[in-house]
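The values are calculated or read from the model by the stated rules, or taken from the named source; none is laboratory data. Just so it is clear, the model here is predicted, and its values are computed rather than measured. FYI the Cβ positions are ideal-geometry reconstructions off the backbone, even for glycines, and counts take in every protein chain you see.
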Amino acid sequence: MQPDGVSSPLGHKDLHERGKGNRVTRLSLVFSLAGLAFVGACRASSQQSVEAAVRERVRQYETAYNAGDADAVAAIYAVDGTHTYALGFTHRGRLEIANGLREMFAGPFKGTRLTITPLHIRALSPDVAVEEASFSLTGLKGPGGTDIPPVTGSCAGVYQKQGGLWFAAAVQCMVPPPTSPPN
């Protein structure tokens, strides 16, 4: 130990105090790194829980659609939610979505089956998420009851968390135009 008041070549009063400083610095570093790891784990866990919640809503949508339950499908949407269908028309608001689906289920979409495959879901904030999905619609009938081949396409959905539940705020679907075979 250096005599009291005499600095070491490193500018510290004594080696014992220098060791204390290093321990404090090391503890601060350890706690900082642990805090960063915790925040990172919380963000990853939050992303996973958002993804799981949106996937569950998509599953509920698919189940309700395949049961022909227009009200249950519409309940997945926010009260002011919108759905733009691959055919180009839009239903605005939960009530219009339910009424439109009732008409579709009683007409050309009666008995159709929908499969939705979420491809990518990401949280934009704790209360907003974006979902990209592919879909396949089977069971469509043409004039005279002839079977129409399955229709496949893509959808993009914006989900908003309200009151602890995730609701579709806006969904837009599209069917890509057929491609012509190469010459």
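A few points about this structure:
- The range 82-98: number of residues that are in contact with a Gly (Cβ under 9 Å, 6 or more places away or on another chain), part of a helix (DSSP H, G or I) and surrounded by fewer than 18 Cβ atoms within 10 Å (Cβ to Cβ): 0
- Where strands (runs of 3 or more DSSP E) fall wholly inside the range 99-183, the ranges with 3 or more residues that are exposed (fewer than 13 other Cβ atoms within 10 Å of the Cβ) and at pLDDT 95 or above are 113-125.
- Among the residues of the range 65-81, just one is assigned to a helix (DSSP H, G or I) and among the charged types (D, E, K, R), namely 71.
- Pairs with Cβ under 6 Å, 6+ apart, first in the range 88-104 and without any contact (Cβ under 8 Å) to a residue 24 or more places away in the chain, second loosely packed, with under 14 Cβ neighbours inside 10 Å and among the charged types (D, E, K, R): 93/80
- Residue in the range 51-64 that is exposed (fewer than 15 other Cβ atoms within 10 Å of the Cβ), modelled with pLDDT of 95 or more, of a type in the set (Gly, Ala, Ser) and not in a loop (DSSP other than H, G, I, E, B) present: yes
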